[in-house]
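What follows draws every value from the coordinates through simple rules; no lab data is involved. A quick note: this is a predicted structure, and the numbers were derived from the prediction, not measured. Virtual Cβ from ideal backbone geometry, glycine too; neighbours counted across all protein chains shown.
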Amino acid sequence: MNEPETQVQKLIRLKRFEEPRDGYFEDFLEEFRSRRDEGETSKGFLNSRVSGGRDNGKWFVGAGVAYAALLVVVLMWPNGPEAKPDASRQPIIFEPKQPVRNPVTPPKVPISIPGP
Amino acid sequence: MSSEPANESPADADGVLVARAQNGDTSAFDQLVVNYSPRLYGMIYHMTSNKEDANDLTQDVFAKAYQSLSRFRGRSSFYTWIYAIGTNMTLNFLKKRKRRAAWSLDNLDSGIQNDEAMVDLAHAANPRHQSDLNELQKKLNEAMQSLSNDHRAVVTMFDIQGIPHAEISKILKVSEGTVRSRLFYAHRQLQGHLEEFIK
């Protein structure tokens, strides 16, 4: 290893002195213990501290979208369970035996064009 | 953060603690947390350059190790096993965080400039720049963050934490040659960033 690399390594090694505050690791153990105790009752110990919040957010958004989609499908479904006809509640429909002439249709009268 | 070499950790003592923890002795696992949290936190902190992320990730690593302990068969040392979990989780986290700001100057440890060991070592490394530790620390962080995650991992483990090449290759599941190659390129890149402190 040449001299500049040794100098680089010496400089990088200085980072080992970046340490957390005094008592940090005692608090760290306490935090770990309480997480474990909580997890053993709620089975949530493996919920990630780092990605848990973001994952939960995604889950809620996904669940919301899925619920909205389901609601739309149920409301729009023409033959859904609620749209199924109930024979006893069907209105009575009278159908005419003769077809009704369309009153708007003009009668077929020959058109006579007057001569000059 | 401990700077002791990895092989000073007595594997036998760890084996006893692991066996007790596997039988439900939570105090045995607590002792493993006490033994390894400083080194793991250090590795994760130097990889992420963020204290909060380092704290949360280290908690997650021990949680995962606790949950997975029944599957630990002792084919590697507990130290290698939990370091591998920590490295994988950190690298995955960094991939997800790629687009976010990795760190800010607010995260710099202001107390470091009063650390006598830091001052002595900085002086030994470069007497001309002893007075400007803040600038040095800023440049060191920038230089570390300029490395790829894989390169930063080997620099953190080898240069900062003093873990031997062979152990790093087991943790990262790559050959020793790959570890040495990554170190070579990382040092070359760091040299460019820290040139003013080297000349």
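Other protein chain C-beta atoms within 10 Å of residue C-beta, averaged over B:187-197: 4. Extending 7 Å from the Cα toward the beta-carbon at both B:Glu196 and B:Gln67 defines two label points whose distance is 4.6 nm.
Each part gets one Cα centre, and for the stretch B:13-82 versus the stretch B:130-199 those centres are 24 Å apart.
Across the cross-link table entries B:Lys51/B:Lys96; A:Lys15/B:Lys138; B:Lys51/B:Lys139; B:Lys139/B:Lys170; A:Lys10/B:Lys138, which are compared at the Cα atoms, the separations over 20 Å belong to B:Lys139/B:Lys170.
Across the stretch B:30-62, the residues whose backbone nitrogen lies under 19 Å from the label position 7 Å along the beta-carbon direction of B:Val16 are B:30-36. Spin-label pair B:Lys96-A:Leu70: with each label point 7 Å from Cα along the Cα-Cβ axis, the two points sit 2.6 nm from one another.
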